[in-house]
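The structure appears right after this line, and notes come after that.
Just so you know, all these numbers are worked out from the coordinates, no wet-lab data involved. From a predicted model like this one, the values you see are computed outputs, not experimental measurements. Note that each Cβ is placed from the backbone with ideal geometry, even for glycine, and that neighbours are counted across all protein chains shown.
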Amino acid sequence: MAHITVPEAEKILDQQINVLDHGFVRLIDYMGSDARIVQTARVSYGAGTKTLREDAGLIDYLLRHEHTSPFEHVVFEFHCKMPIFVARQWIRHRTARLNEISGRYSVMKDEFYVPPRDKISFQSTDNKQGRNPEDVPPELQDKVVELLKKDQEAVYGNYEEMIDDNIARELARINLPLSTYTEWYWQMDLKNMFHFLRLRMDSHAQWEIQEYGRAMAKIVKSVCPLAYDSFERHMVNGAHFSGDELAAIKTMLTGAPNPLQGRRLEEFEIKLKD
């Protein structure tokens, strides 16, 4: 198979997409494209003789029916910078290869995440890990921002003092907060990237990591526009129903009421709404 380049991807190579206040995502390198998915699916060589429409149809068929091994032949290499608390959510996706900056070898930068005031929210009453959409009074938003900045400044000042006193970096760093920025190189194939994006762009994910998901999605779409269109159609905007839910749909089509109750009913209604 010939080496594949994508004009739209070449335009954004090494271009920084800013995320949050100090973070970013940039595409360092990529291998493959929509054409590679098609080639590996057909076990053919060269560009092939099929039309763009036929290629799009094949890619859509593969994703719709979860024949995903051809998507593993497209690989992305990212350079990312994010707050540590975002990185700890991100690292749950164990199908990647990564190398992160080490506070044992490097002096950590004086860069901390402070959320925008309009993203400072109360705790959700029905979601233990989520935010409440109810507005927080401006004076309380200001208080939170100031408290965060005050703590970050104090902790980093102590960190610098220990570094100046030649205390080992691996010890000096231990009090740095989760808002500290870290960086890594992150490599992942397209199959697993779609899984990552589906979860991390979801409205139930923490807003900060949603922002990184949206930035990475722009890059993925530049490299594989046909595959990304199918991803949006089937994985983002599609819905998967359980056996109970399918039975409920059949029951409702006869004019009978929905037999689902409690949490199963709530989850079913969310799928219909989305």
Say a site is exposed when it is one of the chymotrypsin sites (Phe, Trp or Tyr not before Pro), sits in a DSSP loop, and has at most 13 other Cβ atoms within 10 Å; what is then the longest site-free stretch of the chain? 106-240
For the Cα atoms of the chain, what angle does the longest principal axis make with the long axis of helix 207-223, in degrees from 0 to 90, nearest 10? 50 degrees
Kindly put C80, C224 in sequence by how many other C-beta atoms sit within 10 Å of each C-beta, fewest to most. C80, C224
Pick from V38, V107, V75 the residue whose mean-square fluctuation is largest in a GNM of the chain, springs joining Cα atoms under 10 Å. V107
Folded to 0 to 90 degrees: helix 138-164 orientation relative to the chain principal axis, Cα: 70 degrees
For the pair E139 and K250, how long in nm is the line joining their label points, each one 7 Å along Cα→Cβ? 6.0 nm
CD proxy, 222 nm, the chain: helix-only mean residue ellipticity via -39,500 (n - 2.57) per DSSP H run with n ≥ 4, per residue, nearest 500, stands at -14000 deg cm²/dmol
Quick check: the distance between the Cα centres of the range 67-85 and the range 121-197, to the nearest angstrom? 23 Å
If exposed means no more than 12 neighbouring beta carbons inside 10 Å and the site is in a DSSP loop, what's the longest run of the chain without any exposed trypsin sites (Lys or Arg not before Pro)? 129-274
Taking M31, M108, M252 and counting other C-beta atoms within 10 Å, the order from fewest to most: M252, M31, M108
Principal axis lengths of the chain from Cα atoms, whole Å, largest first? 67, 57, 28
What are the residues whose amide H is under 5 Å from the amide H of S124, where those residues sit 5 or more places off or on another chain and H is modelled from the backbone? G130, R131, N132
Selected from V144, V223, V25 as most flexible by GNM, with the chain as the system and alpha-carbon contacts under 10 Å: V144
Restricting the range 1-107 to GluC sites (Glu not before Pro) in coil, as DSSP defines it, with at most 10 other Cβ within 10 Å: E66
Top mean-square fluctuation among T251, T68, T51, Gaussian network model of the chain, C-alpha springs under 10 Å? T251
Most exposed to least, judged by fewest other Cβ atoms within 10 Å, M188, M162, M82, M193 sort to M162, M188, M82, M193
Rounded to the nearest 10 degrees, the helix 190-200 long axis (Cα) sits at an angle to the longest Cα principal axis of the chain of 60 degrees
Give me the percent relative contact order of the chain, please, defined on Cα pairs under 8 angstrom at least 6 residues apart. 25 percent
Nitroxide proxy distance, nm - points 7 Å out along Cα→Cβ at I101 and L171: 2.4 nm
